[in-house]
1. Per residue of B:138-147, count partner chain C-beta atoms within 10 Å of its C-beta, then hand back the mean as an integer.
2. Put the label 7 Å from Cα along Cα→Cβ for residue A:94; what are its distances to the other copies, in nanometres, shortest first?
3. Taking each residue in B:168-178, count the Cβ atoms of any other chain within 10 Å of its Cβ, then average. What number comes out?
4. Between residue A:11 and the same site in the other copies, what are the distances in nm, shortest first, taking label points 7 Å from Cα along the C-beta direction?
5. Just need the Rg to Rh number for chain B, please, alpha carbons only, Kirkwood Rh.
6. What's the exposure ranking of A:21, A:29, A:216, going from fewest to most Cβ atoms within 10 Å?
7. Apply the Debye scattering formula to the protein assembly as shown, with a single equal point scatterer on each alpha-carbon and no solvent, then give log10 I(q)/I(0) at q = 0.11, 0.13 Å⁻¹.
8. Using all alpha carbons of the range B:80-182, what is the percent of pairwise distances in each 5 Å bin, ordered from the shortest bin to the longest?
There are 2 protein chains.
Amino acid sequence: MRVLVPYTAQNPKSRLDPPLSLTERQSFSLAMLCDVVDAICDAGHTPELLLSTPLDEDADGVDDRLADLPRTVDDRSLTAAVNAGLDRIGREEPELAVVMADLALATPTALQRLFAVGGDVAIAPGRGGGTNALVVRDPAFGVDYHGASYRDHRRLAETAGLAVGTVDSMRLATDVDEPTDLAEVLLHGRGRAAEWLRDAGFAVAVDGGRVGIDRS
Amino acid sequence: MRVLVPYTAQNPKSRLDPPLSLTERQSFSLAMLCDVVDAICDAGHTPELLLSTPLDEDADGVDDRLADLPRTVDDRSLTAAVNAGLDRIGREEPELAVVMADLALATPTALQRLFAVGGDVAIAPGRGGGTNALVVRDPAFGVDYHGASYRDHRRLAETAGLAVGTVDSMRLATDVDEPTDLAEVLLHGRGRAAEWLRDAGFAVAVDGGRVGIDRS
């Protein structure tokens, strides 16, 4: 199956500033993208980048594997660009998946669990009401990433008479948007994003309640 | 299998004030406890309350089902009380589970996935480094809930030469400690805790980024 991975190199992960500078956010977001691409490939599927601007193949963190991936450049909103991609369902593709590029904890097993969920639409809900990954098997379905998209996607599918399945995965529920999310990457990440954070001096900090991060 | 469910009625869920008063937190925490107990029973196992003080059987929210459960009262710290319970492993019980009382999204399926994980110790990591649920099958293992307990429990088990398994579950990773967690209950809860929040006027609020809560 083709798996669309939306990615923007323009001011990525803005809510991670602070603690990360723009250059660091660009480098860290590429590390997360690499982890997601690896997990998709290792799950036996084909990632396809959905970029807001052409990929800078000379940028630090863009290796040959990333540079060789099929890609589409679409400068419209995330919702519009993904829906343009989903238009291929029923014509060129029987099904398509969309997996966010900031799922730094994604593993092949977690993705395979999502891809094995039945239904016209299969959703991996994100923390805070988002839709972190989904599989679409019916051309009647379109996405709307604004607001509480998990709830909205369920309603849109149900209104269209489509069967919706979900996967219960902490790894797929964890998108990395805010500083507290970095602790999850340090605790559970197994790839380049976790390594990037450790190389940048980050460590898990314990100060009562849930853990946070420290930078040395 | 016996499943210990630690619960305290004394100033429960203190980080939920605001938006909840003490009386509301006591009532809401009982609703979450009921959901957890129901999920354990529906998964085919036997909940056993581990209480810091005797249960007030006349309290609003304590129904016959809860009042009839086997229970132990232990006023020591969570860690000491759970370890006293785990002392039964290898003598009275071949294995025991511990499931936190604030897992308002727990379902029988999610718990069954945890209980099916192999290893001497099976862990459901919580958001923010916690240990939300675990199964212990070796008397050499003890808990330490202070700090980043997920990481510490892995290390303790590995130091003791014990095999550790984990379950990847958003439902079991979501303990309800902070106001933003209430949005998860409203979005994904199927039991009394979600109903309690809706009856108390809470609804999901969308204001950019992740969703929050509003109260009418």
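1. 1
2. Here the equivalent label points are 4.3 nm apart from this one.
3. Taking all residues of B:168-178 together, the mean is 5.
4. Inter-copy label distances (nm, one decimal, shortest first): 4.3.
5. So for chain B, dividing Rg by the Kirkwood Rh gives 0.96.
6. Neighbour counts put them in this order, fewest first: A:216, A:21, A:29.
7. Scattering profile of the protein assembly as shown, log10 relative to I(0): -0.87, -1.17.
8. Reading upward from the zero bin: 2, 14, 25, 26, 20, 9, 3, 1, 0.
Readers should treat all values here as calculations from the given coordinates under stated rules, not as data from a laboratory. Every value quoted in this text rests on a predicted model; they were computed, and no experiment measured them. We place every Cβ from the backbone using ideal geometry, glycine too, and count neighbours over all the protein chains shown.
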